[in-house]
Each structure stands twice: as structure tokens, then as C-alpha cells.
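Inspection log for the structure reproduced underneath, given as C-alpha cells.
Each reported figure results from applying straightforward, stated rules to the coordinates on display, with no laboratory input. This one's a predicted model, so the numbers in the text were calculated from it and none came from an experiment. All Cβ positions, glycine included, derive from the backbone under ideal geometry; neighbour counts span all protein chains shown.
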Amino acid sequence: MDLEKIRGAAERVARSEGLEIVDVEWKVGKQRFLRVYIDRMPKPATLMSDAAGEMEAAEAARDPYPKISHSDCERVSQQLSVILDVEELIPGPGYVLEVSSPGMDRALKRPADFERFKGRLAKISTSEPVGEAKFFEGRLAGFADGKVRMELKGKEARTVEVPLEAIRKANLVVEF
């Protein structure tokens, strides 16, 4: 099975719906699961002169990360299921296709994720110590030169740079 071909099919469907693919996972246990995480791109702040445009700009300012709806997941699932079957991208009988949002505590994997969520609280754990630590929690300060920048709180506020290849796991932290 070629997960990159499956990702490509999922990306075609997502683009047609104005969405993006965050991740694609294949898990085999009692059942075979294909999980596809979808999201919306943040709406850029635009200046529009009509009333509808002003309302849309106000909505984008209030929530720059629009939410994924159940109907978004359903549309992507239906379209992707047809492509997977017609193109025979998953060999063998029976699998479960699950399409969902990445969630409020979404995983951060790509350089673009760390840029997109600059200013948000995140947790990062590394496979090897960076400086003297393997766990970091703080505000994302962007991505440059292959490193994630984070502003750490604590006795002394400081900025740390974590090489992307050293990251074992990174997630947003839910804030209320």
C-alpha cells in the first residue's frame, strides 16, 4: 500500500472542498483504519467595502482558524471513499475510513504548522536533550533555519530553539 498515493488522493478531494490535509495515518489492529485529518486554512484579514465583506472580515478577526464541521468530514469521506475504491489504493478487503478535524490539541509536524500557530501555547518533547531538557512548554515564536522557536515561561523567561529533527512530539495546548 502506498500512503503517499492515498495522501495525494485525499489532497485532491480536500482542495476541491477548500480544505487541506493535516495528516494521514494507517493503523492495523483488529480492523484496518485509514485516518485522514482535515482542516481549513486561516482566513486572511481582508478589507472589503460591502456589508457582507465587513461581516466576513470581522468573523475572520474573531476566529482566524475556522472550524471543521461534520458535513465537511462527511463530504471528504464520501468523495475519498469512491476514489480509494475506484483506484484500488487500499489492497485487500475491508477497512474503516475516518475523516476528522485535528482537534484543539492538534499535533504540530510541519514547519508551516509552527508558523501558522505562532503565539499559541504548545508542548514539545524531544528524542534527545536540547540544552538540558527534553520537554518544553511555551508560546510558539515561529520557525526558521530548521528550528522551532519557543518562548518559555518560568523563573526566567527565555527563548529556546528546538531543531525540527529532534522533535518526537509537538501539540498545541488548549487554552480557555
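Numbers below:
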| item | result |
| --- | --- |
| Contour minus Cα-Cα distance for residue 87 and residue 152 (0.36 nm per residue) | 18.6 nm |
| Protection proxy ranking of 83-91, 4-12 - average other beta-carbon atoms within 10 Å, highest first | 4-12, 83-91 |
| Spatial separation of Cα centroids for region 126-143 and region 71-104, in angstrom | 35 Å |
| Lysine pairs within the chain, Cα separation less than 13 Å, 8 or more sequence positions apart or different chains | 8 |
| Contact order relative to length of the chain, as percent, for alpha carbon pairs under 8 angstrom and 6 or more apart | 18 percent |
| Contour minus Cα-Cα distance for residue 173 and residue 135 (0.36 nm per residue) | 12.3 nm |
